[in-house]
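The values are calculated or read from the model by the stated rules, or taken from the named source; none is laboratory data. Since we're looking at a predicted model, the values are computed, not measured. Glycine also receives a Cβ, built like all others from the backbone with ideal geometry; neighbour counts cover every protein chain displayed. Heavy atoms of the whole protein, side chains included, go into the accessibility calculation; ligands, DNA and RNA do not. Shrake-Rupley method; radii C 1.70, N 1.55, O 1.52, S 1.80 Å.
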Amino acid sequence: LAKTTQPISMDSYEGQEVNITCSHNNIATNDYITWYQQFPSQGPRFIIQGYKTKVTNEVASLFIPADRKSSTLSLPRVSLSDTAVYYCLVGENTGRRALTFGSGTRLQVQP
Amino acid sequence: EAQVTQNPRYLITVTGKKLTVTCSQNMNHEYMSWYRQDPGLGLRQIYYSMNVEVTDKGDVPEGYKVSRKEKRNFPLILESPSPNQTSLYFCASSLYQGVETQYFGPGTRLLVL
């Protein structure tokens, strides 16, 4: 499984756009990139998944450059309720390998 | 409602007393797994199962057992709990395998004295 590196923490203010970058230099050809959000004492929640270029849903956008060695989760106009830990996960959608979540990025949104 | 349930949600026990944490999903998912979460270490996978009677070790399997006799249930067994197994445990399931969208349970907070 490709190792991922994310910033430990980030701070932002309400209404701003937040970009969290994840580095995954050893990503394999069959690997997808998935982001999860976790609030304190709750299980992680799926946000978005992509393979290449750009993916957008009602919650976020995911930007993946051509070399796929990094990815950026973009949260538009964050609110206080977006304060959470965000995890980047890289792996196949075939379950051949055990999955590992990194330490994640703790996002703190201020009023 | 589609969900993953865990029981108990909170548990205090003593070293060496066998315990089981149950996990059940009602989405007919093939893939289920157990994670533990500790401060500063993120989520670490303990065991996973790709289907009934098929289980495999994750990153931190020592001290744990699992079974998958039915598709919907995936209990986590601690035969002889130790204080270093004090942690927050999450069960998860997904329709297929791997990093496909995983649905997490509410968590079980375990304290081993």
In contact with a Lys or Arg (Cβ under 9 Å, 6 or more places away or on another chain) and touching a residue at least 24 places away in the same chain (Cβ under 8 Å), is that true of A:Asn19?
no
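Has the stretch B:33-46 got any residue that is within 14 Å of chain A (Cβ to nearest Cβ), of a type in the set (A, V, I, L, M, F, W, C), more than 11 Å from the chain's Cα centre (by Cα) and crowded, with 17+ Cβ neighbours inside 10 Å? I'd like the intermediate steps shown before the answer.
Our first condition is that a residue be within 14 Å of chain A (Cβ to nearest Cβ); within the stretch B:33-46, this holds for B:33-46.
Restricting the remaining residues to those that are of a type in the set (A, V, I, L, M, F, W, C) gives B:34, B:41, B:43, B:46.
Next, only the ones that are more than 11 Å from the chain's Cα centre (by Cα) stay: B:41, B:43.
From what's left, crowded, with 17+ Cβ neighbours inside 10 Å: B:43.
Among the residues of the stretch B:33-46, at least one is within 14 Å of chain A (Cβ to nearest Cβ), of a type in the set (A, V, I, L, M, F, W, C), more than 11 Å from the chain's Cα centre (by Cα) and crowded, with 17+ Cβ neighbours inside 10 Å, which makes the answer yes.
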Out of (1) of a type in the set (D, E, K, R); (2) free of Cβ contacts under 8 Å to residues at least 60 places away in the same chain; (3) more than 13 Å from every other protein chain (Cβ to nearest Cβ), the one A:Arg77 does not meet is (2)
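I'd like to check something: does the stretch B:11-22 contain any residue that is in contact with a helix residue (DSSP H, G or I) (Cβ under 9 Å, 6 or more places away or on another chain), over 26 Å from A:Cys88 (Cα atoms), open to solvent by less than 70 Å² (accessible area, probe 1.4 Å) and touching a residue at least 12 places away in the same chain (Cβ under 8 Å)?
Applying the first criterion (in contact with a helix residue (DSSP H, G or I) (Cβ under 9 Å, 6 or more places away or on another chain)) to the stretch B:11-22 yields B:15.
Subset that is over 26 Å from A:Cys88 (Cα atoms): B:15.
Among the residues that remain, those that are also open to solvent by less than 70 Å² (accessible area, probe 1.4 Å) are: none.
No; the residues of the stretch B:11-22 include none that is in contact with a helix residue (DSSP H, G or I) (Cβ under 9 Å, 6 or more places away or on another chain), over 26 Å from A:Cys88 (Cα atoms), open to solvent by less than 70 Å² (accessible area, probe 1.4 Å) and touching a residue at least 12 places away in the same chain (Cβ under 8 Å).
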Answer with yes or no whether A:Gly102 is within 14 Å of chain B (Cβ to nearest Cβ), in contact with a Ser or Thr (Cβ under 8 Å, 6 or more places away or on another chain) and in a loop (DSSP other than H, G, I, E, B).
yes
